[in-house]
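The values are calculated or read from the model by the stated rules, or taken from the named source; none is laboratory data. Keep in mind that this is a model prediction, so the values were computed, not measured. Positions of Cβ are generated from backbone atoms using ideal geometry, with glycine treated the same way; all protein chains shown enter the neighbour counts.
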Amino acid sequence: MTATPSVTAPRAAAQQQIAAVRVPAQSLRGELRAIKIVWQREMIRFTKDRLRIVTSLVQPFLFLFVLGTGLSRLASAGTHGVNLRTFVYPGVLCMAVMFIAVFSAASIVWDREFGFLREMMVAPVRRSSLVLGKCFGGATVAAFEGLILIALAGLVGVPYAPVLLLEMFGLELLLAFSITAFGVMAAARVRQMQSFMALTQMIIMPMFFVSGAMFPVSGLPTWLAILNRIDPLTYAVDPMRRAVFAHLHISNLARHVLDPGVTWFGWHVPGLLEAGMVAILGLVMLAIAIWQFARVE
């Protein structure tokens with residue numbers, strides 16, 4: 001017994017409708033749109049979480065206004081008349097950007113645990129576009145938080161010179177991108193949030209304390225000087241401090257003691273070279289993160 005034409009016709013039409021589903025081909029426009037969407041997702045997540053904006057500023061405020069004020073009288077003899085809060089301000093600014101950037105990358109671990117990362121991975125775009133969008137989003141969030149600290153520069157004796165503000169913003173944006181790339185690289189293989197937080201704390205905190213954010217980099221013991229020179233964060237803190245001290249009216253002795261600059265075997269490393277090293281390191285970590293995501297199933 002055969003089916004009548006009136007029954008088979010609707011079935012054939014339904015099969016044709018299902019077969020009409022089409023996956024768009026990869027294109028530059030599609031990749032840019034994917035980067036934009038991932039970036040927008042980071043912005044939406046950040047603006048919706050107002051508590052995160054406030055809590056991320058607590059630690060920098062403690063270092064600047066509590067620790068800096070409390071130790072200012074004790075350290076007054078060694079700062080040669082320069083406010084201790086002014087001296088530690090560049091390092092605290094770098095610290096704030098660094099912590100916010102690396103924690104922005106932590107959302108990758110959450111996305112993996114809740115299954116959203118897998119949905120992103122099966123999208124018809126290159127995984128490098130997803131990584132770029134994530135890095136741009138994390139860098140934007142960290143740079144915005146850094147702008148809040150830049151707006152408070154006058155409270156710690158740092159002048160609001162337009163050139164200085166642009167230099168600080170450019171350096172913090174560069175640092176934010178590099179640290180976000182590091183966080184994405186680390187999150188590409190970590191499966192649990194607890195492991196990610198422990199790993200980043202084990203790396204980030206020593207980087208901050210060894211970088212010279214809280215002390216001058218000259219006259220250090222040999223072992224500490226070696227650690228300081230191989231610490232990547234050193235080459236973000238030093239040009240930031242150079243930019244700030246270039247706009248301060250202080251004695252030559254205070255400038256020599258507090259802002260000696262990083263040296264390699266007696267050679268003073270230029271600030272542009274230091275910034276270039278941070279940029280190159282960020283690009284290297286970005287490439288590693290892209291390679292790791294390409295291998296993730």
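So how many residues does the stretch 202-224 have that are surrounded by 18 or more Cβ atoms within 10 Å (Cβ to Cβ) and at positive phi?
1
Identify the residue in the stretch 285-297 that is part of a helix (DSSP H, G or I) and more than 16 Å from Ala176 (Cβ to Cβ) and, among all such residues, is modelled with the lowest pLDDT. First the steps, then the outcome.
First pass over the stretch 285-297, keeping only residues part of a helix (DSSP H, G or I): 285-295.
Then drop every residue that is not more than 16 Å from Ala176 (Cβ to Cβ), which leaves 287-288, 290-295.
Numbers: Ala287: 92, Ile288: 91, Ile290: 88, Trp291: 89, Gln292: 83, Phe293: 79, Ala294: 75, Arg295: 72.
Checking each candidate, the answer is Arg295.
Which condition number in (1) in contact with a Ser or Thr (Cβ under 8 Å, 6 or more places away or on another chain); (2) not in a loop (DSSP other than H, G, I, E, B) is the one that Val217 fails?
Going through (1) in contact with a Ser or Thr (Cβ under 8 Å, 6 or more places away or on another chain); (2) not in a loop (DSSP other than H, G, I, E, B) one by one, Val217 breaks only (2).
Looking at the stretch 200-228, I want the residues that are farther than 20 Å from Val257 by Cα and have a partner that is of a type outside the set (A, V, I, L, M) with Cβ atoms under 6 Å, at least 6 apart or on another chain. Which pairs are those?
These pairs meet every condition: Met207/Asp231.
Return the pairs, sorted by first residue and then second, in which the second residue is part of a strand (DSSP E or B), the first residue lies in the stretch 247-265 and is in contact (Cβ under 8 Å) with a residue 40 or more places away in the chain, the beta carbons are less than 8 Å apart, and the residues are 6+ apart or on different chains.
Hits for this filter: Gly261/His268; Val262/His268.
How many of the residues making up the stretch 238-267 are out of contact with any strand residue (DSSP E or B) (no Cβ under 7 Å at 6 or more places or on another chain) and not in a helix (DSSP H, G or I)? Quick ask: steps written out before the conclusion?
Initially, the stretch 238-267 is screened for residues out of contact with any strand residue (DSSP E or B) (no Cβ under 7 Å at 6 or more places or on another chain), giving 238-260, 262-267.
Remaining after also requiring not in a helix (DSSP H, G or I): 246-251, 259-260, 262-267.
The number of residues fulfilling the criteria is 14.
Take the residues of the stretch 119-157 that are in contact with a Gly (Cβ under 8 Å, 6 or more places away or on another chain) and of a type in the set (A, V, I, L, M, F, W, C): which is nearest to Val54 (Cα to Cα)? Walk me through how you get there before you give the answer.
If we filter the stretch 119-157 for residues that are in contact with a Gly (Cβ under 8 Å, 6 or more places away or on another chain), which is where we start, we get 124-125, 138, 156.
Imposing the further condition that a residue be of a type in the set (A, V, I, L, M, F, W, C) reduces the set to 125, 156.
Details: Val125: 35, Val156: 20 Å.
Filtering first and then ranking leaves Val156.
Keeping to the stretch 33-71, report how many residues are in contact (Cβ under 8 Å) with a residue 24 or more places away in the chain and among the β-branched types (Val, Ile, Thr).
Going through the stretch 33-71 one residue at a time, the tally reaches 4.
Test Gln194 against the stated conditions and say whether it is surrounded by fewer than 17 Cβ atoms within 10 Å (Cβ to Cβ) and within 21 Å of Ala101 (Cβ to Cβ). Don't jump to the end; show me each part of the working.
Values: surrounded by fewer than 17 Cβ atoms within 10 Å (Cβ to Cβ): yes; within 21 Å of Ala101 (Cβ to Cβ): yes.
Yes: the conditions hold for Gln194.
Can you find even one residue in the stretch 74-96 that is charged (D, E, K, R), modelled with pLDDT of 80 or more and more than 24 Å from Tyr235 (Cβ to Cβ)? Explain how you work it out, then say what you get.
Going residue by residue through the stretch 74-96, those that are charged (D, E, K, R) are 85.
Then drop every residue that is not modelled with pLDDT of 80 or more, which leaves 85.
With the extra rule that they be more than 24 Å from Tyr235 (Cβ to Cβ), the set shrinks to none.
No.
If you check Met197 against the conditions, is it assigned to a loop (DSSP other than H, G, I, E, B), over 14 Å from the mean Cα position of the chain (by Cα) and farther than 20 Å from Leu286 by Cβ?
No: the conditions fail for Met197.
Test Leu166 against the stated conditions and say whether it is out of contact with any Leu (no Cβ under 9 Å at 6 or more places or on another chain), surrounded by fewer than 14 Cβ atoms within 10 Å (Cβ to Cβ) and either in a helix (DSSP H, G or I) or without any contact (Cβ under 8 Å) to a residue 60 or more places away in the chain (or both).
yes
Go over the candidates Leu227, Leu199 one by one and state the one that is surrounded by fewer than 19 Cβ atoms within 10 Å (Cβ to Cβ) and either modelled with pLDDT of 90 or more or within 19 Å of Pro60 (Cα to Cα) (or both).
Numbers: Leu199 fails: either modelled with pLDDT of 90 or more or within 19 Å of Pro60 (Cα to Cα) (or both).
Just a single option satisfies the conditions, and that option is Leu227.
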